[in-house]
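Peer 1: Structure provided below as structure tokens; questions to follow.
The values are calculated or read from the model by the stated rules, or taken from the named source; none is laboratory data. Note that the structure is predicted; figures quoted are calculated from it, not measured. Please note: Cβ atoms are built from the backbone with ideal geometry, for glycine as well, and neighbour counts cover all protein chains shown. All accessible areas refer to the heavy atoms of the entire protein, side chains included, with ligands and DNA or RNA removed. Shrake-Rupley method; radii C 1.70, N 1.55, O 1.52, S 1.80 Å.
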Amino acid sequence: MTEALATKPQVSTARLSSWALLLNNRLAAAGLVILGIICLLAILAPLLPIPNPNATNPPNRLQPVFSDGHWLGTDHLGRDILARLIWGTRVSIAVGLSATAIAALVGSLIGLVAGYARGRVDNLLMRGIDMLMAFPYILLALAIVAVLGPSLINALYAIAVVNIPFFARNVRGVTVGLANREFVDAARLSGKSHTAILFTEVLPNVAPVIVITMSTTVGWMILETAGLSFLGLGAQPPQADLGSMLGEGRRLLFNAPHVSIIPGLMIFALVMSINLLGDGVRDVLDPRLRAGDLTRPRSVTNIKRDTIPPKTMQSSDILVVDQLETSFQRGRATIPAVNKVSFSLKKGECMGLIGESGSGKSVTALSLLGLVASPPGVITHGGVYIDGEEVLSKTEHGLRALRGAKVAYVFQDPLTTLHPLFRVGDQIAEAILAHQPLSRDAAHSRAIELMEQVGIRDAKERVSAYPHEMSGGQRQRIGIAMALANDPDIIIADEPTTALDVTVQAKILDLLQDLRRERGLALLLITHDFGVVAQVCDKVAVMKDGEIVESGETKTLLKNPQHSYTKKLIACVPELGQGKAFLETVRPLFAEAKP
Amino acid sequence: MTGYIIKRLLSAIPVIIGLSIIVFAIMALIPGDPALAILGSYATPENVARINRDLGLDRPLYEQYFVWITNLLQGDFGRSFILNRPVIDEIMDRFGATLILAGTSLVLCSIFGILAGVVSAVRQFGWTDRIVTFFVLIGISTPSFWLGLLFILIFAVQWRVLPASGMYSVYGGGDLPDLLRHLVLPSITLAIVATGVIARLTRAAMLEVLRQDFVRTARAKGLAERKVIYKHAFKAAFVSIIPVIGIQAGFVMGGAVYIETVFQWPGIGAMLVNAISTRDILLVQGGVLVVAVSYVLLNLLADVAQALLDPRLKS
């Protein structure tokens with residue numbers, strides 16, 4: 001056996017600061033630079049050596065781009081387009097930012113009050129917000145401009161108003177979650193006024209949401225105010241923003257297209273750079289994306305083993321797991337979850353894999369057929385032999401031929417593990433059709449048979465039920481029926497009874513036991529409950545921190561546990577009528593843990 | 001199912017009443033005295049009072065609203081004093097054009113947005129994903145009114161392959177192929193932003209769903225990856241995209257205001273812009289209300305479609 005420890009990467013928990021993360025994002029950094037240049041030009045407009053943007057010079061009208069003294073040419077009144085562009089950008093940015101500030105202020109205030117006060121105030125405010133949302137976005141702005149009359153400042157108000165709902169909704173959502181938190185209760189008990197709590201306790205925690213919403217809406221607001229000006233409903237001459245320049249240039253589209261193309265390009269560059277930056281800001285502030293959780297898991301776990309195990313193995317056991325190692329990649333760190341785990345299973349045998357949550361037992365089970373979500377999962381060492389053949393060396397196709405056919409899984413919570421939008425019968429039939437050349441009808445009747453075998457009464461009717469229409473126990477029976485669909489040799493049951501009531505638990509375990517005896521199935525049962533192991537398993541392996549710390553025949557192990565951790569797990573199974581004595585016996589075992 | 005549809009229909013009624021109140025309130029808030037506007041600055045106080053009485057403006061606001069809404073329900077939206085014809089006639093003439101334009105765009109952005117989003121989720125971090133993400137970013141950052149001008153320059157002026165404006169050719173035409181030729185540029189321009197938004201959200205929804213337990217179950221069954229993604233994951237993601245399409249309908253109907261202006265499409269959007277410039281308030285009122293109500297109804301449709309696909313919503 002080769003030494004694998006040497007190649008194992010160091011575990012590092014260092015995290016990058018938000019700024020570094022933002023600048024690491026190349027696109028966001030590019031957005032920041034472009035936006036910075038545009039803003040700088042706009043701010044410095046009065047100091048730049050450019051002509052007066054409003055100075056007309058009719059003889060010199062409609063000069064093309066790169067003409068003498070006018071880099072970007074002149075418009076229909078002979079005004080310098082570059083100068084007008086810079087001054088127009090200044091106006092557009094100012095208007096966009098003001099609209100964002102107003103929308104953020106009013107919207108956040110509404111959201112804060114609604115989320116904090118709840119009840120009638122909340123209802124009233126949010127109904128009003130819903131009403132605003134019931135209008136198509138720009139239409140409401142048009143109606144407001146219609147009333148106030150066309151002008152830049154009115155367009156600004158209109159755009160601010162239509163963006164209020166985004167802030168109100170987002171802020172309310174977060175505030176509702178915060179209002180019941182302990183630190184808010186503590187502040188209330190310390191005698192702080194509601195206003196003080198809102199602004200000193202709640203607001204700082206809501207701030208990231210406000211920033212995210214601002215970064216996603218400011219681009220829109222610049223775009224939409226420009227749009228209103230383009231329609232002639234915003235900036236009125238001689239005042240000009242990018243939109244009104246575009247609107248004026250439109251009349252000259254055929255003769256002098258540059259007059260309208262240039263301001264449009266500027267709006268595009270401005271909005272694009274804001275969007276790039278906004279996406280970067282959101283990625284930094286949204287912790288889910290930071291952890292890389294939203295990457296698509298591949299169909300087979302990443303397998304990057306340091307040594308390739310032999311393809312076959314002479315063994316009478318149906319399942320042999322040899323020195324299996326699975327890790328999770330978090331950024332540059334690799335965190336081992338399963339560490340050199342070995343065990344084997346004979347035909348018809350039942351083995352319990354037991355340990356607390358996080359001990360690596362589920363990851364072990366999923367690793368056997370490469371079902372660990374990847375990224376972040378990687379199988380780094382070892383082999384899995386089914387009928388003497390190494391499984392993880394197989395192609396994706398070869399692995400898929402085993403999944404659900406020779407080896408089937410039963411998962412923990414059948415409400416989330418069954419597809420919510422397909423009828424249970426179809427889901428079972430689909431499992432059959434994945435491996436057997438049957439007609440749809442034949443698969444369907446086979447599904448009903450299977451449902452009857454796992455003890456679902458009136459299977460003929462329930463076959464067309466959806467998972468949410470069934471009880472937890474029934475759903476798990478469907479999960480088991482699906483596992484039996486192709487007469488597997490091995491069933492891997494990952495906490496099959498944890499999500500169920502105690503009485504239903506016993507029935508499901510009995511069912512698994514019966515099926516095992518009837519069909520000679522090998523059963524790998526993953527659980528955290530020694531009571532379950534004692535009831536059904538021939539042998540047992542105890543897992544802790546990714547390693548098997550002890551294994552053996554269930555009876556021997558229960559009678560004479562060697563490892564202190566095993567003793568703790570066994571002690572954790574209460575007996576009926578034990579009462580307080582149970583706590584007394586368990587407490588000293590967990591002395592290192594604070595009560 | 002019928003019960004669910006009826007329930008949703010009933011729940012739309014207060015929304016529509018709310019919309020009508022907002023539209024009414026906005027118009028009632030208009031500064032200036034309508035009577036003075038009609039009579040001019042030489043009006044005597046007696047004449048002003050008489051006009052106010054004739055128009056019902058001396059009555060309390062809620063009574064005015066009630067009269068207004070009763071008239072609306074009888075199809076009386078008032079009279080446009082600029083066009084000198086009933087508002088309802090003008091709206092009826094133009095509503096079809098807007099419906100054709102916005103409807104085509106909505107279909108285009110749904111199809112291409114969902115396709116792009118799914119492809120980009122499936123090939124996450126690959127080249128296809130990067131290219132799609134790049135175009136999506138360009139799409140949602142481009143001012144549609146400017147893009148429309150660019151399209152006119154390229155396709156109508158430079159290449160002369162498509163008409164620059166209008167809904168039908170002035171001479172000849174008037175048939176379906178003619179309409180379709182005129183529809184190409186405006187509908188694509190209008191669809192681009194919404195396509196970007198739908199693509200983004202589809203990508204996110206697919207990535208979210210692909211992490212769900214039931215996808216792992218589908219894989220554990222030994223299903224081909226194609227089925228896992230396009231049957232199991234896509235169906236679940238699609239259900240959550242339907243309301244997004246409903247919301248995009250609002251953006252498309254709003255965006256039609258720009259596009260109809262740029263391409264001189266004879267729809268309600270272009271009408272609204274003209275009416276605002278000429279301060280033809282009743283026309284604005286009617287147009288806004290009709291578009292807003294159709295938006296509510298479209299969202300209702302989206303809700304029903306979602307419930308049809310997701311049995312959990314019905315109970």
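Peer 1: Can you find, among A:Leu253, A:Asn60, A:Gly388, the residue sitting farthest towards the positive end of the charge dipole of chain A, where Lys and Arg contribute +1 and Asp and Glu -1 at Cβ?
Peer 2: A:Asn60
Peer 1: Same structure, new question: Using the alpha-carbon atoms, what tilt in degrees (0 to 90, nearest 10) does helix A:472-484 show relative to the longest principal axis of chain A?
Peer 2: That works out to roughly 70 degrees.
Peer 1: Give the accessible surface of chain A per residue, rounded to a whole number of Å², with probe radius 1.4 Å and ligands, DNA and RNA excluded. Intermediate values should be presented prior to the final figure.
Peer 2: On the way: 27030 Å² over 595 residues.
Accessible area per residue: 45 Å².
Peer 1: On the first, second and third principal axes, largest extent first, how far apart are the outermost C-alpha atoms of region B:88-310 in Å?
Peer 2: Extents along the principal axes: 64, 40, 31 Å.
Peer 1: Okay, moving on. Highest mean first, what order results for B:253-263, B:19-29 on Cβ atoms within 10 Å? Kindly include the intermediate steps, with their values, before the conclusion.
Peer 2: Numbers: B:253-263: 27.4, B:19-29: 16.7.
With the highest mean Cβ count within 10 Å placed first, the list reads B:253-263, B:19-29.
Peer 1: Further question: Leaving out ligands and nucleic acids, and using a 1.4 Å probe, what accessible area per residue does region B:88-310 come to in Å²? Show your work: numbers first, answer last.
Peer 2: Working: 8500 Å² over 223 residues.
Roughly 38 Å² per residue, with all protein chains present.
Peer 1: Along its three principal axes, how long is region B:53-113 when you only count alpha carbons? Whole Å, largest extent first please.
Peer 2: 55, 26, 18
Peer 1: Next question. Calculate, axis by axis, the spread of Cα positions in region B:1-140 along the three principal axes, and write the results as whole Å, longest axis first.
Peer 2: If we take the Cα atoms of region B:1-140, the spans are 77, 43, 26 Å.
Peer 1: Only protein chains counted, 1.4 angstrom probe. Which residues of region A:128-158 are at least 30 Å² less accessible in the assembly than when their chain is isolated?
Peer 2: Buried by the other chains: A:Met131, A:Ala134, A:Phe135, A:Pro136, A:Tyr137, A:Ile138, A:Leu139, A:Leu142, A:Ala143, A:Ala146, A:Val147.
Peer 1: Per-residue mean of other chain beta-carbon atoms within 10 angstrom of the beta-carbon, peptide B:202-214?
Peer 2: Details: counts 0, 2, 1, 0, 1, 5, 3, 1, 6, 6, 4, 9, 12.
Rounded to a whole number, the mean comes out at 4.
Peer 1: In units of 2.2 N^0.38 Å, what is the alpha-carbon radius of gyration of region A:140-250? Show your work: numbers first, answer last.
Peer 2: On the way: Rg = 19.4 Å, N = 111, 2.2 N^0.38 = 13.2 Å.
Against the empirical 2.2 N^0.38 Å value, I get 1.47 for region A:140-250.
Peer 1: Working from Cα positions, state the angle (0 to 90°, nearest 10) between the long axis of helix A:137-148 and the longest principal axis of chain A.
Peer 2: 30
Peer 1: On to the next question. Give me the inter-chain shielding for B:124-137: mean count of other chain Cβ atoms within 10 Å, whole number please. Don't skip to the end; give the middle numbers.
Peer 2: On the way: counts 4, 3, 0, 0, 0, 1, 0, 0, 0, 2, 1, 0, 0, 6.
Whole-number average of other-chain Cβ neighbours for B:124-137 is 1.
Peer 1: Further question: Can you show me the helix-derived [θ] at 222 nm for the protein assembly as shown, built from DSSP H runs with n ≥ 4 at -39,500 (n - 2.57) apiece and divided by the number of residues, rounded to the nearest 500.
Peer 2: Numbers: 35 runs with 526 residues, N = 910.
After summing the helix terms and dividing by residue count, I get -19000 deg cm²/dmol.
Peer 1: What total accessible surface area, summed over both chains, is buried at the interface between chains A and B, computed with a 1.4 Å probe and given in Å² to the nearest 100? Before the final figure, lay out the partial values.
Peer 2: Details: alone 30480 and 18150 Å², together 41780 Å².
The contact between B and A buries close to 6900 Å².
Peer 1: Any idea how far apart A:Glu182 and A:Leu105 come out in nm if each label point goes 7 Å out from Cα toward Cβ?
Peer 2: 3.7
Peer 1: Could you size up the charge dipole of the protein assembly as shown around its Cα centre, putting +1 on the beta carbon of Lys and Arg and -1 on that of Asp and Glu, and report it in debye to the nearest 20?
Peer 2: 860
Peer 1: Also, I was wondering about something else. Which one, A:Pro238, A:Ser151, A:Thr503, projects farthest toward the positive side of the charge dipole computed for chain A from Cβ point charges (K/R +1, D/E -1)?
Peer 2: A:Pro238
Peer 1: Which value, in debye to the nearest 20, describes the size of the charge dipole of chain B about its Cα centre when Lys and Arg Cβ atoms bear +1, Asp and Glu Cβ atoms bear -1, and nothing else is charged?
Peer 2: Values: 25 positive and 19 negative charges, 354 e Å.
That gives chain B a dipole magnitude of about 1700 debye.
Peer 1: Please report the carbon-and-sulfur percent of the accessible area for the protein assembly as shown; probe 1.4 Å, protein heavy atoms only, DNA, RNA and ligands left out. Show your work: numbers first, answer last.
Peer 2: Working: 25680 of 41780 Å².
Accessible surface attributable to carbon and sulfur in the protein assembly as shown totals 61 percent.
Peer 1: I'd like the orientation of helix A:502-519 relative to chain A: the angle between its Cα long axis and the longest Cα principal axis, in ° from 0 to 90, rounded to 10.
Peer 2: Helix A:502-519 and the main axis of chain A meet at about 60 degrees.
Peer 1: Just to confirm my numbers, what's the Cα centroid distance between region A:90-117 and region B:97-144 in Å?
Peer 2: 29
Peer 1: Over the whole of A:228-235, what's the average partner chain Cβ count within 10 Å per residue? Rounded to a whole number, please.
Peer 2: Numbers: counts 4, 0, 7, 12, 5, 5, 0, 0.
That average works out to 4.
Peer 1: Residues of region B:219-236 losing 40 Å² or more of accessible surface, assembly versus chain alone, probe 1.4 Å, please list them.
Peer 2: Residues of region B:219-236 that lose at least 40 Å² of accessible area once the other chains are added: B:Arg219, B:Ala220, B:Lys221, B:Gly222, B:Leu223, B:Glu225, B:Lys231, B:His232, B:Lys235.
Peer 1: While we're looking at this one, here's another question. What is the percent of Cα-Cα separations in the protein assembly as shown that go past 53 Å? Could the numbers behind the result be given before it?
Peer 2: Details: 127178 of 413595 pairs.
Across the protein assembly as shown, Cα pairs with separations above 53 Å total 31 percent.
Peer 1: Need one word for region B:127-173: rounded, prolate or oblate. Basis is the Cα gyration tensor (sqrt eigenvalues a ≥ b ≥ c); a/c below 1.5 gives rounded, then a/b vs b/c decides. Mind dumping the intermediate values first?
Peer 2: Working: a/c = 3.05, a/b = 2.59, b/c = 1.18.
Prolate, because a/c is 1.5 or more and a/b exceeds b/c.
Peer 1: Could you sort the residues of region A:384-400 by number and keep only those whose accessible area is reduced by 30 Å² or more in the all-protein-chain setting relative to the chain alone, 1.4 Å probe?
Peer 2: Residues losing area: A:Arg400.
Peer 1: Work out which helices of chain B, taken as complete DSSP H runs, extend at least 24 Å along their axis over the Cα atoms and score a mean Kyte-Doolittle of 0.5 or more, then list them. All intermediate terms of the calculation are to be shown ahead of the outcome.
Peer 2: Values: long enough: B:2-28 (39 Å, 1.91); B:87-122 (50 Å, 1.65); B:176-210 (44 Å, 1.29); B:234-262 (39 Å, 1.52); B:281-309 (42 Å, 2.01).
Correct list, ordered by number: B:2-28, B:87-122, B:176-210, B:234-262, B:281-309.
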